[in-house]
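Report on the following structure.
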Amino acid sequence: MTILVGDCRALMPAHAPFDMILADPPYGDTSLIWDRRVEGWLALAREALAPTGSLWLFGSLRSFIGVAQEFAAAGLRYVQEIVWEKQNGSAFHADRFKRVHELVVQFMRDDASWGGIYNDVQTTSDATARTVRRKRRPPHTGQIEAGYYVSEDGGPRLMRSVIYARNCHGRAIHPTEKPVGLLENLIRTSCPPGGLVSDWFAGSGAVGEACRATGRRYLGCEIDADMAQRASARIAATLPLGGAPAAPLPLPGDQT
Ligand SMILES: C[S@@+](CC[C@H](N)C(=O)[O-])C[C@H]1O[C@@H](n2cnc3c(N)ncnc32)[C@H](O)[C@@H]1O
């Protein structure tokens, strides 16, 4: 559980391979001083992924469209996306829908096959009746994978791709802090227990807290030394999965 202080492009590759990369870079959607796109990190992240690993990347549709070719150029293949729905959002424009969601898109290495990627897709148990059905896939899905799947009411169901989680306004230590519960779902899905998650734009260390709560190892990187210090303190204060409080985290010596 460590946060490196400096530029992720310089610091993170040396610590590869990572079982999962969870990245929340500046989207580059606005002219705000902190919202500058970071160039060149995607290809480095791709090389840093373990063969079974995948990258989950926060962003707006605008931020993905703007660099669509860069993913293929970096050797990354799109897998799926989820929508994080929040209770309120940013109103940058008074003449458009109020934006209350973010995207999180999963990519894998283009030399990997999906069957080899770690994937413990999460489930929910939200139904009441107790019937088991075999459902045919709708015709428009053609011959994709199995011809039917089992749906058990009252039992677990696949987690929906639109996930509601309240954002952290009011108690956040970072202006774009992500909710730990949402991060835990992604981590449980894409990193094996005890595996190593790397968080290239750590901000408040929310990913570190989620790793501690789910029993995964964590390596974060944050360019703002003051924020990194606060993130380290936050992670150290989080109870690990089934364990006692940890000793405070020292900031590593490789500061830039
Ligand atoms: C969108 S915020 C991440 C927020 C974080 N997910 C959280 O929940 O608190 C992006 C962070 O990346 C940091 N950052 C920007 N460029 C960076 C770089 N080249 N290397 C490491 N961190 C960087 C910024 O200082 C900022 O804290």
What list of ³J(HN,Hα) couplings, whole Hz, do you get for segment 215-229 from phi and the Karplus terms 6.51, -1.76, 1.60, once you set θ to phi - 60° and write x for glycine and proline? x, 10, 7, 9, 10, x, 9, 9, 7, 8, 4, 5, 5, 4, 4
Would you mind ranking H15, H174, H140, H169 by Cβ crowding within 10 Å, fewest neighbours first? H140, H169, H15, H174
Under a 5 Å amide H to amide H cut-off, with H placed in plane at 1.01 Å, what residues pair with G195 once short-range neighbours are removed? R217
Under the Karplus relation with 6.51, -1.76 and 1.60 and θ = phi - 60°, whole-Hz ³J(HN,Hα) for segment 18-30, x at Gly and Pro, equal 10, 6, 7, 10, 10, 10, 10, x, x, 6, x, 8, 10
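For E102, E222, what ranking results if the residue with the fewest other Cβ atoms within 10 Å of its Cβ goes first? Write out the running numbers ahead of the final one.
On the way: E102 23, E222 26.
In order of increasing Cβ crowding within 10 Å: E102, E222.
Using Cβ contacts closer than 10 Å as the measure, can you line up S60, S190, S232 from fewest to most? Intermediate values should be presented prior to the final figure.
On the way: S60 15, S190 28, S232 24.
Going from sparsest to densest Cβ surroundings: S60, S232, S190.
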For segment 77-83, 3J(HN,Hα) per residue [Karplus equation, 6.51 cos²θ - 1.76 cosθ + 1.60, θ = phi - 60°, Hz, x = Gly/Pro]: 10, 5, 10, 6, 9, 10, 10
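Values quoted throughout were computed directly from the atomic coordinates according to the rules given, and no laboratory measurement underlies them. Since the model is a prediction, treat every value here as computed from it, not as a measurement. Reconstructed Cβ throughout: ideal geometry from the backbone, glycine too, with neighbour counts over all protein chains shown.
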